[in-house]
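Novice: Would you mind keeping the following structure in view while I ask a few things?
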Amino acid sequence: MSIPTITLHDGLTLPAIGFGTYALNGNAGVQAITSAIDNGYRLIDTAYNYENEGTVGEAVRRSSISREELIITSKLPGRYQTYDKVVTAIQESLYRADLDYYDLYLIHWPNPKQDHYVEAWQALIDAKKWGLIRSIGVCNFLPEHLERLENETGVKPSINQIELHPFFNQEEQRIFNDEHEIKTESWSPLAKANEIVQNETLQKIADEHNKTISQVVLRWHHQLGAIPIPKSASPKRQLENLSIFDFSLSDAEMGMIAELTRPDGRLNDQDPAEYEEF
Ligand SMILES: NC(=O)c1ccc[n+]([C@@H]2O[C@H](COP(=O)([O-])OP(=O)(O)OC[C@H]3O[C@@H](n4cnc5c(N)ncnc54)[C@H](OP(=O)(O)O)[C@@H]3O)[C@@H](O)[C@H]2O)c1
């Protein structure tokens, strides 16, 4: 199965779809992530706070794919946003996974009330220079947060990973990211596959293409120009989620999916202007 690639503004090339690992821990997690890599995923998303960087590292070693072919992402927790703590946290992330470098390292949340995210960003810039990270980005950053990073350090993120699914389609944030050459990556791209798998509009479109609702939704992300990172513990659903590059949604179908968004469509009401995670 051939997966298209995307090149970030700093030159890192990554696949157009990745694999989420939230809640994949321990031996069951190693098996699920090894299976995902063997099934074709090359972009793996973990975080310090998922407590599974070690699980990801073990899966990488057990998989049939060499380290150089993989793009491994981790994320900085909110409690470590002061400069020295960032550097130590990145080192600890690497030790946990037993890796020499991460391909991508992201600030997990801006936590704007703490006001340390610019300092954290400067530490990521330096960690990249030291070779600990190949590309640096953020998650859950609003336009005002992104503007401060660029204005105060001269370096803009390669990626902004945000909550994005048909019920919360983030049109304004996506446009802002595009205008600043920041690639949008979609977390909870299937909205956790609850309400979404019963949606009649999506079912109609899926039937039209002889695809599943999950495949239609992941294809929709791709056509929006975003990189979805669906999580699945099931090898069958892992493969299903990769099979999105052999069909296209029409403009009319993209429009029907755009209608599903709603202002309160966030899964857990996590507005980055207010919500903080440590
Ligand atoms: N940066 C952030 O703040 C942030 C926040 C949340 C998540 N994330 C990242 O984004 C990743 C993905 O988000 P997520 O895990 O919250 O949700 P998701 O990928 O939208 O949905 C995962 C759920 O959907 C099910 N599923 C997957 N494929 C399916 C299919 N084809 N048919 C039916 N059900 C399917 C999975 O069950 P099975 O496992 O049983 O298949 C699982 O319960 C996370 O794992 C994490 O890496 C980042």
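Novice: Take every Cα pair under 8 Å in the stretch 1-85 that's 6+ residues apart, average their separations, divide by the length, and report that relative contact order as a whole percent.
Specialist: Working: 115 pairs, mean separation 22.6, N = 85.
Relative contact order for the stretch 1-85 comes out at 27 percent.
Novice: Report the gain in length on full extension from GLU152 to HIS180: 0.36 nm times residue separation, minus Cα-Cα distance, nm rounded to one decimal. Working shown, then result.
Specialist: Working: separation 28, 0.36 × 28 = 10.08 nm, distance 1.54 nm.
Additional length available on full extension: 8.5 nm.
Novice: Each residue of the stretch 263-268 in turn: what ³J(HN,Hα) in whole Hz from Karplus with 6.51, -1.76, 1.60 and θ = phi - 60°, glycine and Pro shown as x?
Specialist: Computed from phi, the couplings for the stretch 263-268 are x, 9, x, 4, 5, 10 Hz.
Novice: Using label points projected 7 Å from each Cα along Cα→Cβ, tell me how many nm separate LEU239 and TRP130, to one decimal.
Specialist: 4.4
Novice: Can you pull the one-decimal nm distance between simple spin-label points at LYS192 and GLU274, each 7 Å off the Cα toward Cβ?
Specialist: That separation, rounded to one decimal, is 1.8 nm.
Novice: For ARG134, what residues show an amide H to amide H distance below 5 Å, using hydrogens built from the backbone and excluding near sequence neighbours?
Specialist: TYR102, ASP103, LEU104
Novice: Could you sort SER243, SER232 by accessible area so the largest value comes first, with the probe set to 1.4 Å?
Specialist: SER243, SER232
Novice: Once Rh for the stretch 1-158 is found with the Kirkwood sum over Cα pairs, what is the Stokes-Einstein diffusion coefficient at 10 °C and 1.306 mPa s, in µm²/s?
Specialist: Numbers: Rh = 15.8 Å.
Estimated via Stokes-Einstein, D reaches 100 µm²/s.
Novice: Starting from the amide H of GLU185, placed 1.01 Å from N in the peptide plane, find each other amide H under 5 Å away whose residue is 5 or more places distant or on another chain.
Specialist: ASN160, GLN161, ILE162, ILE227
Novice: Say a paramagnetic label sat at a point 7 Å from the Cα of LYS113, along Cα to Cβ; which residues of the stretch 39-83 have their backbone N under 19 Å from it?
Specialist: 77-82, by backbone N distance to the label point.
Novice: Which entries of LYS129/LYS156; LYS183/LYS211; LYS192/LYS236; LYS113/LYS231; LYS211/LYS231 have Cα-Cα distances beyond 24 Å here?
Specialist: On the way: LYS129/LYS156 15 Å; LYS183/LYS211 27 Å; LYS192/LYS236 17 Å; LYS113/LYS231 30 Å; LYS211/LYS231 18 Å.
LYS183/LYS211; LYS113/LYS231, as the Cα separations exceed 24 Å there.
Novice: Among bridges DSSP assigns within the chain, what percent are antiparallel (round to 5)? Mind showing how you got there, number by number?
Specialist: Numbers: 4 of 27 bridges.
Approximately 15 percent, going by the DSSP bridge assignments.
Novice: Which ³J(HN,Hα) values, rounded to whole Hz and listed in residue order, are derived for the stretch 43-52 from phi using the Karplus coefficients 6.51, -1.76 and 1.60 in 6.51 cos²θ - 1.76 cosθ + 1.60 with θ = phi - 60°, glycine and proline given as x?
Specialist: 10, 10, 10, 10, 7, 3, 6, 7, 6, 9
Novice: Follow-up. Note down the magnitude of the dipole of the stretch 40-143 about its Cα centre, charges +1 on Lys and Arg C-beta and -1 on Asp and Glu C-beta and zero elsewhere, to the nearest 20 debye. Before the final figure, lay out each step's value.
Specialist: Details: 12 positive and 14 negative charges, 23 e Å.
In total the dipole reaches around 120 debye.
Novice: Another question about this same structure. Under a plain spin-label model, where a point goes 7 Å from the Cα along Cα-to-Cβ, how far apart in nm are GLN203 and ARG262?
Specialist: Modelled inter-label distance: 1.8 nm.
Novice: How far is the Cα center of the stretch 221-238 from the Cα center of the stretch 1-77, in Å?
Specialist: 12
The values are calculated or read from the model by the stated rules, or taken from the named source; none is laboratory data. Everything quoted here is computed from the prediction, not taken from an experiment. Methodologically, a virtual Cβ is constructed for each residue, glycine included, from the backbone with ideal geometry; neighbour enumeration extends over all protein chains shown. Accessible surface areas use protein heavy atoms only, side chains included; no ligands, DNA or RNA. Shrake-Rupley method; radii C 1.70, N 1.55, O 1.52, S 1.80 Å.
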